[in-house]
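The values are calculated or read from the model by the stated rules, or taken from the named source; none is laboratory data. Remember, predicted model here, so these are calculated numbers, not experimental data. Here the Cβ positions follow ideal geometry from the backbone for every residue, glycine too, while neighbour counts run over all protein chains shown.
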Amino acid sequence: MDYFWGLFISGLTKGSIYALIALGYSLVYGIIELINFAHGEIYMIGAFTSLIVVSLLLMEGMTGWGALLLSLIVAVIYAAAYGFTVEKIAYKPLRQASRLSPLISAVGMSIFLQNYVLLAQTPDFLPFPNLIPEISFLKRIFPLMTPAEIAILLTTACLMVVVTFIVKFTKMGMAMRAAAQDRMMALLLGVNVNRVISHAFILGSSLAAVAGVLIATHVGRVNFYMGFIAGLKAFTAAVLGGIGSIPGAVVGGLVLGWAESFGAGYISSDYEDAFAFFLLILILIVKPSGIMGRATQKM
Amino acid sequence: MGKKAVILLSFYFLVTVNAYGKETIKLGVAGSHSGDLASYGIPSLRAAELVVKEINTKGGVLGVPVEILAEDDVCKPEIATNTATKLISRGAHVVLGHICSGATKAALSLYLDAKIIVMSPSATNPELTQSGRYPNFYRTIASDDAQAKLDVDFAINNLKLKKLAVVHDKGDYGKGLAEYAKKFIAASRKAELVLYEGVTPGALDYSALVQKILRSGAEGVIYGGYHPEAALIVSTMRKKGMKTYFISDDGVKDETFIKVAGSYAEGVYASGPKDVSKNPLAIAALAVHRKVYSAEAGAFYLNAYAATQCLLTAIEKAKSTNYEKIGAILHREYFNTPLGKISFDRRGDAIGVGFSMYQVKNGAFVEIK
């Protein structure tokens, strides 16, 4: 039974990270129907920024939660700024163009950001210090989990609540939902759609940055390429759950994480990716709009 | 006797007179001297030339100078047979080469029929020596399975492990090593293979695999692959409180591994090429290359340097170019080369060349003697 729970937690942790990134894909897709391929790179930039801040703080003698929290805040701000800028540079000028143009622009942005970090930083893996200390009472409650895994789960759960709150109950959330349902109508009713889109990018990028920092502390390393595969998987999760749907992104992330974990655990880790994509095909055949997706209504 | 016989006879004398008039020891050098893989073959040719030059200034071998017969095989098996035929007809006494395993394999039986000893500085295919089909073949490089053999022997004999897991990254290098490790574990009959798994490089984390290792009850993991994945697997294992031994390969014996895995890297074993950088003969051989070509030596240079020395020393000691006599010397004697003091086992593999086991101690790889 320990084995089952071990795999369960492994899938849950991975799934939470996928879900955090997938939310960014869904938020943006919900409003402008663009697959923001540069999103994985924002996640990577979040992790890198946090590493730089943490290194500085460690030199100043700061450790543990304080350093992590401070670096997380800087990473979120920095990544949000990147997300905002990417949208302004690469997508906004193409708002009226055919749907293919922003998509290509997104792929280009992804390649650009990846290579920018490669050149500005390093092509090697960099170690990320282990900032989450052992907490003895948590260790007793969850003997199977490392502190980083507990932190990932708790943070993700909290952020899901926050995002749901923002989308459901704030004015900006209402504007987002309005723009998602009918952009032209929202515009006619006086909603500043450009601002709404910017906010969606900022929110999505912040979540990706949090995911980046969490995974970096969990696995203890970062490199310029880490966003590519994570972004691809998170995109899969978003499609799996129903792209454009916020609960869908979470469900998709978790389902994907478990599929990989249990597939690897009970069958063979040789085919870890195959399970994930097989599941995607299976669900899209049965329900083309994804698990939680509906063909018409969004968010 | 007709006219024809007279002409034939005169040809015969012409040939023999020529050969006896300017007698040399002929060292064939076969390999890729042009084409895509020239960078593998040229360093060996240069090594042979430098060794021969040095020996000739000291009076040559058996009192006659050594002559190099260079033939290009572009690393292609179908051309290698022509190369071999040419070298045989030009009267090569011994051959240094070939460079690529495929080309070597294609050419070997021709040399065997002609009773010529062949020594490769770079052909690593295990079959070449292990099949026993080519008693004329020797090499100064460890075969492909040498690392797997060392890793498995170390786990079973030094660490006394009974249950082993073999994990690889599905790549050519990692999976190849893992396949050999699996074979050697089965052949040893002293340990049990409890898990054999491949992982996807670049995945977010490997905790599912680590759970699997934990459940399998393996006392040691043999990993075939490179350091990014190894660092992640080791640190995940240690974070979960597992003390399982971790034994890996040259792809992991890299400073980045220690940098990324940090304190979790402590105690990890990795096999890697023997360190020859402090061997005075190696230093001298590299210095000669730098002086003559004003560039650093390329791939397999030292292996070829050692092979040429072994071949020519063996002829000198055998006092003959006779196939059996050279072979007997090669199997019996020790040779001082840039690769260290080496000898050849009965299959033709060099003993003392190849890999040693290293362990991470205080943030650095330390060779285990």
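Could you identify the single residue in A:F228, A:F275 that is touching a helix residue (DSSP H, G or I) at 6+ places or on another chain (Cβ under 7 Å) and at pLDDT 90 or above?
None of the other options fit; the residue is A:F228.
Residue check: is A:F48 part of a helix (DSSP H, G or I) and either in contact with a Phe, Trp or Tyr (Cβ under 8 Å, 6 or more places away or on another chain) or surrounded by 14 or more Cβ atoms within 10 Å (Cβ to Cβ) (or both)?
So A:F48 passes the test.
Pick from region B:34-44 the residues that are touching a residue at least 40 places away in the same chain (Cβ under 8 Å) and not small (G, A, S): which of them is surrounded by the most Cβ atoms within 10 Å (Cβ to Cβ)?
Step by step, filter region B:34-44, then rank; the result is B:P43.
Going by the conditions given, is B:V194 away from chain A (no Cβ under 12 Å), more than 30 Å from B:I315 (Cβ to Cβ) and touching a residue at least 60 places away in the same chain (Cβ under 8 Å)?
no
So that you can scan it fast, the table gives a plain yes or no per residue for (1) at pLDDT below 95; (2) within 7 Å of chain A (Cβ to nearest Cβ):
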{"position": "B:L177", "(1), (2)": "yes, no"}
{"position": "B:A186", "(1), (2)": "yes, no"}
{"position": "B:S207", "(1), (2)": "yes, yes"}
{"position": "B:V221", "(1), (2)": "no, no"}
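Among residues belonging to region A:156-195 that are in a helix (DSSP H, G or I) and among the β-branched types (V, I, T), point out the one that is farthest from A:V210 (Cα to Cα).
Here the residue is A:V193.
Of everything in region B:223-242 that's in contact with a Lys or Arg (Cβ under 9 Å, 6 or more places away or on another chain) and facing chain A (nearest Cβ under 10 Å), which residue is surrounded by the fewest Cβ atoms within 10 Å (Cβ to Cβ)?
B:P228
Which members of region B:122-148 meet the condition of being under 17 Å from B:A187 (Cα atoms) and surrounded by 23 or more Cβ atoms within 10 Å (Cβ to Cβ)?
Correct list: B:Q147, B:A148.
Can you tell me which residue among A:L68, A:L12, A:L103 is within 14 Å of chain B (Cβ to nearest Cβ) and hydrophobic (A, V, I, L, M, F, W, C)? Show your work before the answer.
Details: A:L68 fails: within 14 Å of chain B (Cβ to nearest Cβ); A:L103 fails: within 14 Å of chain B (Cβ to nearest Cβ).
Answer to the check: A:L12.
When you look at B:A297, is it within 27 Å of B:F365 (Cα to Cα), assigned by TED's automatic domain parsing to the domain that holds B:I117 and at pLDDT below 90, yes or no?
yes
If you go through region B:168-209, how many residues are surrounded by fewer than 19 Cβ atoms within 10 Å (Cβ to Cβ), small (G, A, S) and on the phi < 0 side of the Ramachandran plot?
5
From A:L207, A:L189, A:L240, grab the single residue that is modelled with pLDDT of 95 or more and away from every other protein chain (no Cβ under 14 Å).
Residue meeting the stated conditions: A:L207.
Of the residues B:V51, B:V95, only one is in a strand (DSSP E or B) and under 21 Å from the mean Cα position of the chain (by Cα); which?
Exactly one of B:V51, B:V95 is in a strand (DSSP E or B) and under 21 Å from the mean Cα position of the chain (by Cα), namely B:V95.
Which of the numbered conditions does A:A81 fail, given that it passes all the others? Conditions: (1) surrounded by fewer than 24 Cβ atoms within 10 Å (Cβ to Cβ); (2) modelled with pLDDT of 95 or more; (3) within 17 Å of A:A216 (Cβ to Cβ).
It fails just one condition, (3).
Would you mind telling me which numbered condition in (1) away from chain A (no Cβ under 14 Å); (2) crowded, with 23+ Cβ neighbours inside 10 Å; (3) in a helix (DSSP H, G or I) B:F246 fails?
Looking at each condition in turn, B:F246 falls short on (3).
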